[in-house]
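The values are calculated or read from the model by the stated rules, or taken from the named source; none is laboratory data. Note that the structure is a prediction, hence the values are computed from the model and not measured. Counting neighbours? That spans all protein chains shown, and the Cβs are built from the backbone with ideal geometry, glycine included. Heavy atoms of the whole protein, side chains included, go into the accessibility calculation; ligands, DNA and RNA do not. Shrake-Rupley method; radii C 1.70, N 1.55, O 1.52, S 1.80 Å.
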Amino acid sequence: MLVTGGTGGLGSLVARHLVTEHGVLDLVLASRQGPDADGVTELIAELQQLGAQVRVRSCDTTDRAALAALVDEVGPLTGVVHTAGALADATVDHLDADALATTFAPKAHAAWWLHELTQDHGLTLFVVFSSLASVLGSAGQANYAAANSFLDALATHRRTLASPAPHSPGARGNAPAA
């Protein structure tokens, strides 16, 4: 199981949940800082005490080639949980291309690339974490709302392909499409 943003706050919560609630015992936690991330030694120890095999990898998910190399290195995957993301808050009148790229690259582009790169892996799980901002909006976060709307659309697209995808808007888990 690959968890992007796996050493961050949300990623580490998801990793714990996968192990304790779903019995996932083979985890790859990927993040920009990888093994150098704050708290990663403790996270690995905790997950190993729970019986999981944990590999931590450095990967900038905004770099498609690096993401492809990671997917190839990890080998056949059963699932992907994409928690990576970044904020670049600005009101619409101050929103520029850099703020859009800062938010879209790790959240939307990386999710699409994971979708493409894992199509032949026979995934049973593909989870993206969207935000209610995609539906309700949030002051100063138009780019964040748009990136999250893209994740909602990707989940819908995967369901039309009968691929595992989240089944409800907002931050969520998923089940294979029916």
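Percent of accessible area on segment 1-114 owned by carbon and sulfur, 1.4 Å probe?
On the way: 2910 of 5460 Å².
So the carbon and sulfur contribution to the accessible surface is 53 percent.
Give the Cα extents of the chain along the principal axes, in whole Å, largest first.
Principal-axis extents of the Cα atoms in the chain, largest first: 50, 39, 30 Å.
Under 16 Å from a point 7 Å along the Cα-to-Cβ line of Glu21: which residues of segment 120-160 have their amide N that close?
Hits in segment 120-160 for Glu21 at 16 Å: 125-130.
So what is the relative contact order of the chain, in percent, for Cα pairs below 8 Å that sit 6 or more residues apart?
Values: 328 pairs, mean separation 33.1, N = 178.
After rounding, I find 19 percent.
Using the alpha-carbon atoms, what tilt in degrees (0 to 90, nearest 10) does helix 40-49 show relative to the longest principal axis of the chain?
50
Please list, ordered by chain and number, the residues whose modelled amide H lies under 5 Å from the amide H of Phe126; skip anything fewer than 5 residues away on the same chain.
Answer set, sorted by chain and number: Val80, Ala165.
Kirkwood Rh over alpha-carbon pairs of segment 15-80, then Stokes-Einstein at 10 °C and 1.306 mPa s: what D in µm² s⁻¹, rounded to an integer?
Stokes-Einstein gives a translational diffusion coefficient of 128 µm²/s.
Nothing charged except the Cβ atoms of Lys and Arg (+1) and of Asp and Glu (-1): what's the magnitude of the dipole of segment 57-166 about its Cα centre? Round to the nearest 20 debye.
Taking the Cα centre of segment 57-166 as origin, the dipole is about 380 debye.
Out of residues 5 or more away from Val56 or on other chains, whose amide H comes under 5 Å of its own, with H placed 1.01 Å from N in the peptide plane?
Sorted by chain and number, the residues that satisfy this are Leu29.
Modelling each spin label as a point 7 Å along the Cα-to-Cβ direction, I'd like the Asp89/Ala69 distance in nm, to one decimal.
3.5
Using the Karplus curve 6.51 cos²θ - 1.76 cosθ + 1.60 with θ = phi - 60°, what ³J(HN,Hα) values do you get for each residue of segment 54-64, in whole Hz, with x for Gly and Pro?
10, 10, 10, 10, 7, 7, 8, 5, 7, 10, 4
Quick one: what are the phi-derived ³J(HN,Hα) couplings along segment 134-145, Karplus 6.51/-1.76/1.60 with θ = phi - 60°, whole Hz, x for glycine and proline?
Working through the residues one at a time gives 5, 9, 9, x, 7, 3, x, 10, 4, 5, 5, 4 Hz.
Let me test this: with uniform point scatterers at the alpha carbons of segment 95-159, what is the Debye-based log₁₀ I(q)/I(0) at q = 0.28, 0.29 1/Å?
Treating every Cα as an identical point scatterer, log10 I(q)/I(0) equals -1.22, -1.27.
How big is D, in µm² s⁻¹, for segment 61-125 by Stokes-Einstein at 37 °C and 0.692 mPa s if Rh is the Kirkwood radius over C-alpha pairs?
Approximately 254 µm²/s, per Stokes-Einstein.
What translational D, rounded to a whole number of µm²/s, comes out for segment 1-49 from Stokes-Einstein when the hydrodynamic radius is the Kirkwood one over Cα pairs, at 4 °C and 1.567 mPa s? Please list the in-between numbers first.
Numbers: Rh = 10.5 Å.
Rounded, D is 123 µm²/s.
If you count only protein heavy atoms with a 1.4 Å probe, what accessible area per residue comes out for the chain, rounded to a whole Å²?
With all protein chains present, the chain gives 47 Å² per residue.
Taking the Cα centroid of segment 83-111 and of segment 65-82, what is the distance between the two, rounded to the nearest whole Å?
23
Starting with the highest mean, order 56-68, 139-151 by the number of other Cβ atoms within 10 Å, averaged over the residues of each peptide.
So the order, starting with the most tightly packed, is 139-151, 56-68.
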